[in-house]
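Just so it is clear, none of the values below were taken in a lab; they were calculated from the coordinates. Computed from a predicted model, the values in this text were never measured in an experiment. All Cβ positions, even for glycine, are placed from backbone atoms using ideal geometry, and neighbour counts span all protein chains on display.
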Amino acid sequence: MELGLNVLFASIQIIFAILVLMILILATLAIRSWSKGNNLISRFADENKFHSMTIVLPTWNEEILILSKLKDILIQDYPKNLLEVIIIDAGSSDSTLKIVNNWKNNYDFSSGLKFKLIEEGKRMGKSVSINRAFSEADESSEILMMSDIDCRLSPGTLKSISDNFLDPSIGAVTARQILLNRDFSALTKYESNYRDFYTKIRIAESKLDSTPIFHGECSAYRRSSIEGYKIVENSNADDSQMAVITRIAGYKAIYDENITFYEMAPPDSKSSRIQKIRRAQGLSRHFWRNKNLLFSREIGNFRRIISLEFSLHIFLPWFVILGFISGFCHIGSIIFLDYYSHEVWKFYLFEQILLLIDITVITLLLFGRLNINFPLSTTVYAFYQYMIILFISQIRILSGNSLHLWQQVSEVRESLRDYDENIKK
């Protein structure tokens, strides 16, 4: 019985470990190979050409940031007569609407800027807001863009986005994220390192074909590439949904690392975890909903990208968590059963090697958790944390717990308000 338990748990752990390593090795090789592709981004840049553009700003109780966000858009060096700004409010209970209406009544629209305020009256989810705002955008707008209130665009963002669309094959563009509070704490450093890693994947995917994951804080779409489509409203990852819609329509959806936007990472572990679980839940639904693309030959190399992301977001979390559970069961069987029985002597070396690996991984996780500087500890801990987030998000999906209504982090907004005020000085 003891022999059976030891071998059973060890064998299960090894199977899951092999599956995890296979996915990670294949992902690493794929990214290295795809990264060697030609970077065609901004090849069509022309300082004299501009597209007409609608920028959608979804709001809900954004009284402390809405004015600075409007300024963030309007200080962009872009012809105002080619811009439309739509604020779509999901039933704010604070002074957001009053502030917006006051701004509207006092702003000089002689530049040709178009502005529209849509009041939904109640919260129904960001996807609902985006669908409505895009459908009500000015008919002349060639590009439909979304941006979050709690992010700030770098100078020249709108022009760089427009330049990408001079390439007729490009249907969607997203930008690179930079954390303003990267060095605030160990948590924000982990967050930044995690995002830097996935930035490399987005760039590699864009060089091969398209990326299926976008940043809703700053993403833009060729109107003709998404016309007639609606994003799923009882979900999230609306930005990534439209990226895939764009690719299915025959256009490319790219990540332009030369376009940047800035935002604050949640300063504490609880708010960071909630934000990540919501995002992970949206991506898990996103890839599961598009599982039919795994077998589609019509999308070319994009099928390889979808296969990789499906493995990373759907399969890998289960393999990692189940591997850890079987590993702890293996350790428990060694501790609590009569392991040193003469009947199992021939498995002794095999068991000891596996136990040593278990202890090494646990030590790296502990060092990472305690922010102790040790080789690989940060990487291993960040990877394990994200696998837990993805696993929890899928469990919540299976239990019917949807997080498609976004949750604000007050500390993030207050920190960004302070940042905006310092910029004024």
Per DSSP H run of n ≥ 4, the term is -39500 (n - 2.57); total these for the chain, divide by its residue number, and report the mean residue ellipticity at 222 nm rounded to 500 deg cm²/dmol. -17000 deg cm²/dmol
Pick out, in residue order, every one of the chymotrypsin sites (Phe, Trp or Tyr not before Pro) in the range 74-154 that is DSSP loop and has at most 16 other C-beta atoms within 10 Å; say none if there are none. 107
Taking Cα pairs under 8 Å and at least six residues apart, what relative contact order does the chain come out at, in percent? 21 percent
Given the range 53-266, report the % of alpha carbon pairs whose separation exceeds 26 Å. 33 percent
Links exceeding 27 Å between C-alpha atoms in this model, out of 36/230; 69/126; 104/276; 122/276; 116/159; 49/116, come to 36/230; 104/276
Give the aspartates and glutamates whose C-alpha is closer than 17 Å to that of residue 80, dropping any in the same chain fewer than 8 places away, or say none. 47, 72, 108, 138, 139, 142, 163
In nm, to one decimal, how far is the modelled label at residue 93 from the one at residue 298, with both set 7 Å along Cα→Cβ? 4.6 nm
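With 10 angstrom as the radius, rank 60, 288 by how many other C-beta atoms surround their C-beta, starting from the fewest. Provide the component values of the computation, followed by the final result.
Details: 60 21, 288 13.
So the residues, fewest neighbours to most, are 288, 60.
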Using alpha carbons only, how many degrees (0 to 90, rounded to 10) separate the axis of helix 186-208 from the longest principal axis of the chain? 80 degrees
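For the range 89-174, which GluC sites (Glu not before Pro) are both in a DSSP coil and crowded by at most 11 other Cβ atoms within 10 Å? Walk me through the intermediate numbers first.
Details: sites: 119, 120, 136, 139, 142; in loops: 120, 136, 139, 142.
Loop-located and lightly packed - 139.
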Where Lys and Arg each count +1 and Asp and Glu each count -1, what net charge lies around residue 327 among other residues with Cβ under 15 Å from its Cβ? -2
By count of other Cβ within 10 Å, fewest leading, how are 351, 411, 263 ordered? 411, 351, 263
Dipole magnitude of the range 53-266, debye to nearest 20 (Cβ charges: Lys/Arg +1, Asp/Glu -1, about Cα centre): 160 debye
Environment charge at residue 411 (Cβ cut-off 12 Å; Lys +1, Arg +1, Asp -1, Glu -1): -1
Hey, with R₀ at 45 Å, roughly what FRET efficiency would residue 355 and residue 418 work out to, going by the Cβ-Cβ distance, to 0.05? 0.35
Can you give me the relative contact order of the range 236-310 as a percent, contacts being Cα pairs under 8 Å and 6 or more apart? 33 percent
If you add up the charges near residue 231, with Lys and Arg at +1 and Asp and Glu at -1, over every other residue whose beta carbon is less than 12 angstrom from its beta carbon, what do you get? +2
C-alpha long axis of helix 377-398 to longest principal axis of the chain, angle in °: 80 degrees
Picking from 206, 410, 52, which is most flexible by a Gaussian network model of the chain using Cα springs under 10 Å? 410
Could you tell me the center-to-center distance, by alpha carbons, between the range 232-310 and the range 52-119 in angstrom? 27 Å
Treating the angle as unsigned and between 0 and 90°, give the value, to the nearest 10°, between the Cα long axis of helix 238-248 and the longest Cα principal axis of the chain. 90 degrees
Ranked by Cβ crowding within 10 angstrom, fewest neighbours first, how are 34, 318 ordered? 318, 34
Select from 254, 64, 305 the residue whose mean-square fluctuation is largest in a Gaussian network model of the chain (Cα-Cα springs shorter than 10 Å). 64
In debye to the nearest 20, the charge dipole size for the chain, taken about the Cα centre with +1 at each Lys and Arg Cβ and -1 at each Asp and Glu Cβ, equals 520 debye
